[in-house]
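Written out below as C-alpha cells is the structure these notes cover.
Where a number appears in this text, it was derived from the coordinates with a stated rule and is not lab data. Note that the structure is a prediction, hence the values are computed from the model and not measured. Here the Cβ positions follow ideal geometry from the backbone for every residue, glycine too, while neighbour counts run over all protein chains shown.
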2 protein chains.
Amino acid sequence: MAVDTGVLGLEILELETLASILKALADPNRLRVLDALMAGDSCNCELNERLGLAPNLLSHHLRVLRKAGLVSARRDRIDGRWIYYAVNETAVTQCRIALNTLLDPARIQPRPILCGPEGQTNS
Amino acid sequence: MAVDTGVLGLEILELETLASILKALADPNRLRVLDALMAGDSCNCELNERLGLAPNLLSHHLRVLRKAGLVSARRDRIDGRWIYYAVNETAVTQCRIALNTLLDPARIQPRPILCGPEGQTNS
DNA sequence: ATAATAATTCAATCTCTATTGAAGTAACGG
DNA sequence: CCGTTACTTCAATAGAGATTGAATTATTAT
C-alpha cells in the first residue's frame, strides 16, 4: 500500500495506486461482494448463496479485491477447508480519504478560462 | 444519471451506475484530467500542455468522463473551435456521497461467522 | 475558395478482463 | 486410503479498453 504525498500534493495514495484500487472497485459484482463483506466476514459459499455467483467467479473477484488490499482472507481455525474473507478497514478508509480529497467540491475552482479567445479577456 | 434508493438500500446511485462511474475514474490519465479540471475549466490543448497527453487521447478520455456524467463541455463563445471542459459538480458530489456511504467504516460489522465450523459456535 | 487551427473520429493493435466449465488443491471424515 | 467438501486454478472465449497515427469535421482567418 503505497503511501506518500502523492502527485496531487493532496492525496494520501499515489495516483496510480488510487487508479488500481478504483479498478478493483469498478465492477458491479465486486461492489456487491464488498458490500456483503461490510456486513460481516463471509466464506465463499455464503457469498455464493447471497449473491448467486459461481464459486470460481467469486474466487476470481475476491482475488482482485485482495490484490488491491481491500479484502483479507483467513482459514477456519477448526476446519481449514473454510476460508473467511473480511474487509480491510484501513485500506477502505485510505481509499475513502483519497477520494474525498480528490472529489472535494471545494477544490472545484471557478477559474476563468486561460486559453482561447475567451481566455484573452480574462488575462 | 440514475438516482434511486439503490440496491444497498443506502446508496444514492444504483450499484451498476456507481460501477460505471468508478470505471470512468479508474484510470491514471483520467484521474489526472479530472484533477486538472478541478483547478478550473480547460480546453483540450491546455490539458495537452499540462499533462503531456496527445490531443486524440485526451479526446478519448474526456469522452469517457463525459459519458459518465463527470465532465461537461461547451464551445467558446467567440471562437467555436475551442471547447472548454468542466467538472460536473453535482455528479462528482453524488459519486462522493455514494462512495462515502458504501465505504463507511461504521458499516463494517464485526458480525460473528455464520457459516462453517466456527459459525456453529456462534449460533 | 484556400489555408490554418482545435478537436474529434477512424482504424489498427495490443492488452486486459469478466465469465464459464473442467480440472486441480487442500483439508476433513470414515 | 477413499470419498466428500470448500475452494482455487486452468484453459478458452468473448468483449472492453488504452494507445497511436492517419484521416475527418468544424470553425475561423486571409
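At what distance in nm do the modelled label points of A:LEU57 and B:HIS60 sit from each other, each positioned 7 Å from its Cα along Cα→Cβ?
About 2.9 nm, to one decimal.
How much length, in nm to one decimal, is gained on full extension between B:ILE78 and B:ASN29, taken as 0.36 nm per residue of separation minus their Cα-Cα distance?
14.7 nm
Around B:TRP82, with a cut-off of 15 angstrom between Cβ atoms, what is the net charge of the other residues, counting Lys and Arg +1 and Asp and Glu -1?
After counting each charged neighbour, the total is -2.
Which chain A residue comes nearest the axis with its C-beta when you rotate A onto B, and by how many angstrom?
Whole-Å result, nearest residue of chain A to the axis: A:ALA26, 2.
Summing +1 for each Lys or Arg and -1 for each Asp or Glu, what net charge is found among the other residues whose Cβ lies under 13 Å from the Cβ of B:LEU70?
Once positives and negatives cancel, what remains is +3.
Given the convex hull of the Cα atoms of the stretch A:14-53, what is a quarter of its surface area in nm²? Write down the numbers at each step before the final one.
Working: hull surface 12.5 nm².
Reported value for the Cα convex hull: 3.1 nm².
If I stretch the segment between A:LEU114 and A:GLU89 completely, what's the gain in nm (0.36 nm per residue apart, minus their alpha carbon distance), one decimal?
Separation in residues times 0.36 nm, less the Cα-Cα distance, equals 4.8 nm.
Amide H to amide H under 5 Å from B:GLU14: which residues, 5+ apart in sequence or cross-chain, H placed 1.01 Å off N in plane?
Counting only residues 5 or more places away or on other chains, the set is B:ASP4.
Can you check what the net charge comes to around A:LEU57, using other residues whose Cβ is under 12 Å from the Cβ of A:LEU57 (Lys, Arg +1; Asp, Glu -1)?
It works out to a net charge of +2.
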